[in-house]
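Please see the structure below; I have some questions.
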Amino acid sequence: MNTTTMCSLKFIALALILCAATFNLSADAADVSYDARALKIDGQRRIIISGSIHYPRSTPEMWPSLIKKAKEGGLNAIETYVFWNAHEPLYRQYDFSGNLDLLRFLKVIQDEGLYAILRIGPYVCAEWNYGGFPVWLNSIPDMTFRTENDAFMYQMKNFTTLIVDKVKEANLFASEGGPIILAQIENEYGNVIGSYGNDGKSYMNWCANFAETLDIGVPWIMCQESDAPPSMINTCNGWYCDQFSPNSNIPKMWTENWSGWYKNWGGKDPHRTAEDLAFAVARFFQYGGTLQNYYMYHGGTNFGRTAGGPYITTSYDYDAPLDEYGNLNQPKWGHLKKLHSLIMSMEKILTYGKATNKDYGGMMSSTVFEYNGTRVCFLGNANNRDAKTINFEGKSYTTPAWSVSILPDCVNVVYNTAEVNTQKSVMVKKLPLEAAPKRHYDLEWLWRSEHIEHLKTSVENSGPLKGVTYANQLLDQKLAANDTSDYLWYMTSVDINEDDPIWGEEVTVSVQCDCQILHVFFNGKHIGSKWVTNGQYNFLFERNAKLKLGTNSLSLLSVTVGLQNYGAHFDKANNGILGPVKLVAPNSLEKDLTSNKWAYKVGLNGLERRLQEVDIKHKRKWHPNVPFDRMFVWYKTTFKTPKGEDPVVLDLWGLGKGTAWVNGHDIGRYWPSFVADDNGCVSFCDYRGAYTGSKCLTNCGKSSQRWYHVPRSFLNDEDNTLVLFEEFGGNPTFISVQTVTMKSASAHAYEGNSLELSCQGRVISKVNFASFGNGTYGSLHKGSCHSPNSLSVVKQACIGKESCSIDASEQTFGPSSCDAPMKSLAVEVQC
Ligand code: GAL
């Protein structure tokens, strides 16, 4: 080969590389399109079973295992929102570090070989602070959120483009070889569009057109948006979406299948049964759905101040298939896994086959899918009380109430959504083994108090004080504090002389508040506090105080517990003290302070001094002999990292309300003293009938959140520092560090099937119960007869192992002497 040929070959190679780089060509680039039936990847219609995992609600160290467990659970995609206010907390100052590393999260999904769905929003709702909007948007002139408003659209465009560019640069869209097969613009705008009039409609169209210009090479979705333009896939959100019909030529997609529900401070624990969730999923596929996403698959934790609401708890467990800590929530995870693998095994036929539905009346139905001579069948019973027998193609089938049976050969039922054959796991929080012999964790506590802000002189003469701003009016807390803290001091003073009509020993301090929590100090003394317990975020505070001649100071501390995240114009909801604020004399004469000069101070003094940080040397010392039930106290201790891998939690029982930091990491707000009321819980949850967030509640009369997750990556190898800011008053000596472990597992299997049990990495130490006989299926009670070998056979098979599998048969257990037509095996083991 002569030099000229070599050179030209080199040139061609270089040109190809350049060309590939310019057009982002990648060997793995996938073509994502869709037709009326399904999403198509490289021309093939696909079933997508996806689950939401929000990256900031866990840690990068947790992501690989969460995503792996999602894959093992039968998902082929992970969905996440993008959280604008987390990434751009201050105007044009961005943060993509730590658990905000969106690209790293997407790469973990890619490494697991899963698809990704990126719901950019950037309005997300999500029980996230302010629905994901940065509060600084309010300081831009002429700003109106989520409508045809130039200022808003400009900012939305700026952030969305930034995200798309980042993702493109990392080649993460499927069109570039990445995992992302769909992207979302806005979120459930159709639910509120009516309140925005014509401008709402124009905004929605603008969103669609703008999204199109971003040229991401994969389709865009708009959820809950029935009048989305044809270029957008409109999708359904809810507990059930089988009756949803998308716009023409759009496949039937379910972006939010609510796997449970979220929890409020003072709320109870919601539970959506595995049976009902599986029923909803199976029905969706029976009626032609081809993509569904669990919202949430892993809910996780609202660290720091990320919880919205107001009043969303720090835990965002959601009763999702993976619990807050990333453990399998069994039997939900396993029952769905079986369903997923069955649905995926029928992918071709469900996406290409001809579907024939038949309605039998009485909420009974069948659907037959047929493709190239192969058939799969579904039998549905949406009756919420009774099992029903259906005569299907000459054979009779009994279908439990509120269930779907799947017959992959149209003859044999291999899965029924109401028959759970997966183990039930009982998870417990307990002291780690090394601490268990002591009753408490023996933490040594130190304390110091938080400074109470109040004016020492008349407000007219005071200032300018450090960190204090002034206004001759009461300001909305969002605008005054810019969401940099939960805490905002409103301070004023009032000069009283003997001629003053309200002068007397006593006055009533009256504060009309659009508050969540209010603490009131008069002349430096705490005179009372009030907080919302009924979901109405405004109240009137009235309390008597001693007036004095001369300058009296009034300091009001308004505390937010997450900003509203949902509803038409939710961004405009009032926050803080908007008045009137008055002093009322016993003779009813009053002094209105609403238009006084007010001094504003944002945040806690202790945070300014960085008390939560470990390495800062504090001039003033922390003291021993901690006080109890005292407001505005900082507590500090050190604790040892529990051995092993089990997730770590703090049991904060005994505390009032505040914030906790471990080694400087803000693990979120705590409020264990907020107890859920006694009514509305069930000891047995009936899976039958439509689920809502208030069905199947537990935890009545108990602390709405007692345990707080400390991800292992926040912990040091040995010693850790825990700092608390206690706002209401409590007793830190009850606090302990615990781990979340599996206590026991139980399972059932009909004769002829095998029973599987696993202690998820722990060893089975004991068999609590075993019976192969005629006991009631699903219960842990012996029937009138059973095989006498039951216990010894199970012990032999399981003890000392992490998992075991036992055939439920007379071959394994020996004769049971039961005549029952259908015997079953029931086992409970201790982990
Ligand atoms: C939906 C919303 C989600 C989440 C969900 C409830 O309306 O799109 O972001 O808030 O409700 O958990």
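Could I get the Rg over Rh figure for the stretch 39-329? Both from C-alpha atoms, Rh via Kirkwood, rounded to two places.
0.93
In nm, to one decimal, how far is the LEU540 label point from the ASP666 one, both placed 7 Å along Cα→Cβ?
3.5 nm
Considering only DSSP states other than H, G, I, E and B, which GluC sites (Glu not before Pro) in the stretch 270-377 qualify as loop sites with at most 15 other Cβ atoms within 10 Å? Could the numbers behind the result be given before it?
Details: sites: GLU275, GLU324, GLU347, GLU370; in loops: GLU324.
Filter output for the stretch 270-377: empty list.
Measuring from label point to label point, each 7 Å out along Cα→Cβ, what is the GLU393 to ASN753 span in nm?
Label-label distance for GLU393 and ASN753, simple model: 2.2 nm.
Suppose the chain between ASP95 and ASP150 were pulled fully straight at 0.36 nm per residue; how much longer would it get relative to their current alpha carbon spacing?
17.3 nm
Could you tell me what percent of the accessible area of the chain is made up of carbon and sulfur, with a 1.4 Å probe and every protein chain present?
50 percent
Further question: At a Förster radius of 30 Å, what calculated FRET efficiency corresponds to the Cβ-Cβ distance of VAL763 and GLU444, to the nearest 0.05?
Calculated transfer efficiency: 0.30.
Report Rg(Cα)/(2.2 N^0.38 Å) for the chain, keeping two decimals.
So the Cα radius of gyration is 1.07 times the expected 2.2 N^0.38 Å.
Need one number: % antiparallel among DSSP beta bridges in the stretch 741-830, to the nearest 5.
Antiparallel bridges: around 100 percent, rounded to the nearest 5.
How much length is gained on full extension from GLU169 to ASN205, taking 0.36 nm per residue of separation minus their Cα-Cα distance?
Separation in residues times 0.36 nm, less the Cα-Cα distance, equals 10.3 nm.
Let me ask something else about it. In deg cm²/dmol, rounded to 500, what helix-only [θ] at 222 nm does the chain give when every DSSP H run of at least 4 residues adds -39500 (n - 2.57) and the total is split over its residues?
When only DSSP H runs of four or more count, the value is -5000 deg cm²/dmol.
Moving on. Sort 468-475, 558-565, 404-411 by the packing proxy (mean of other Cβ within 10 Å over each peptide's residues), most packed first.
Result, highest mean Cβ count within 10 Å first: 558-565, 404-411, 468-475.
If you don't mind, another one. Of the cross-linked pairs LYS332/LYS795; LYS40/LYS166; LYS332/LYS643; LYS263/LYS332; LYS530/LYS621; LYS643/LYS743, which ones have a Cα-Cα span greater than 21 Å in the structure shown?
LYS332/LYS795; LYS40/LYS166; LYS332/LYS643; LYS530/LYS621
Under 16 Å between alpha carbons, and skipping anything fewer than 8 positions from LYS354 in its own chain: which lysines qualify?
LYS252
While we're looking at this one, here's another question. List the pairs from LYS337/LYS782; LYS657/LYS766; LYS268/LYS782 whose alpha-carbon separation is above 31 Å, in the order I gave them.
LYS657/LYS766; LYS268/LYS782
With r defined as the distance between the Cβ atoms of ASN472 and ARG104 and R0 fixed at 41 Å, what FRET efficiency is calculated, to the nearest 0.05?
Plugging the Cβ-Cβ distance into 1/(1 + (r/R0)^6) gives 0.25.
Within 12 Å, Cβ to Cβ, of SER809, how many net charges do the neighbouring residues add up to if Lys/Arg are +1 and Asp/Glu are -1?
Working: positive: LYS823; negative: GLU751, ASP807, GLU810.
Result for the local shell: -2.
Please report the net charge: other residues with Cβ closer than 15 Å to the Cβ of LEU540, K and R +1, D and E -1.
Summing Lys/Arg as +1 and Asp/Glu as -1 gives -1.
Okay, moving on. What length, rounded to one decimal in nm, is gained on full extension from SER683 through to ASN574, with 0.36 nm per residue of separation minus their alpha-carbon distance?
35.3 nm
Let me ask something else. GluC sites (Glu not before Pro), restricted to the stretch 705-802: which are DSSP loop and have at most 16 other Cβ atoms within 10 Å?
GLU718, GLU802
Would you mind computing, in nm to one decimal, how far apart the modelled labels at ASN357 and LYS743 are, each placed 7 Å from Cα along Cα→Cβ?
Those two pseudo-labels are separated by 4.4 nm.
Let me ask something else. At most 10 other Cβ atoms within 10 Å and a DSSP loop assignment: could you name the trypsin sites (Lys or Arg not before Pro) in the stretch 601-680 that fit?
The qualifying sites are LYS617, LYS619, ARG620, LYS621.
Would you please give the FRET efficiency between LYS157 and SER341, computed as 1/(1 + (r/R0)^6) with r the Cβ-Cβ distance and R0 = 35 Å, to the nearest 0.05?
Rounded to the nearest 0.05, the efficiency is 0.25.
Which pairs in the list LYS107/LYS348; LYS358/LYS388; LYS546/LYS597; LYS429/LYS801; LYS71/LYS695; LYS456/LYS546 are over 24 Å apart, alpha-carbon to alpha-carbon?
LYS107/LYS348; LYS71/LYS695, as the Cα separations exceed 24 Å there.
Now, a different point. Non-local amide H neighbours of LEU39 (under 5 Å, H modeled in plane, Pro and chain starts lacking H): which ones?
Under 5 Å from the amide H of LEU39 lie the amide H atoms of ARG46, each far enough along the sequence or on another chain.
Continuing with this model, one more query. Among all the aspartates and glutamates, which ones have a C-alpha under 16 Å from LYS702's C-alpha, if same-chain residues fewer than 8 places away are not counted?
ASP269, ASP651, ASP677, ASP678
How large is the accessible surface per residue of the stretch 39-329, computed with a 1.4 Å probe and reported in Å² as a whole number?
Numbers: 7960 Å² over 291 residues.
Per residue, the stretch 39-329 has an accessible area of 27 Å².
Can you check what the net charge comes to around LEU652, using other residues whose Cβ is under 12 Å from the Cβ of LEU652 (Lys, Arg +1; Asp, Glu -1)?
+2
The values are calculated or read from the model by the stated rules, or taken from the named source; none is laboratory data. Remember, it's a predicted structure, so these values are computed and weren't measured experimentally. Every residue, glycine among them, receives a Cβ derived from its backbone with ideal geometry; neighbour counts consider all protein chains shown. The protein model used for the area step is the full one, side chains on, heavy atoms only, and it has no ligands, DNA or RNA in it. Shrake-Rupley method; radii C 1.70, N 1.55, O 1.52, S 1.80 Å.
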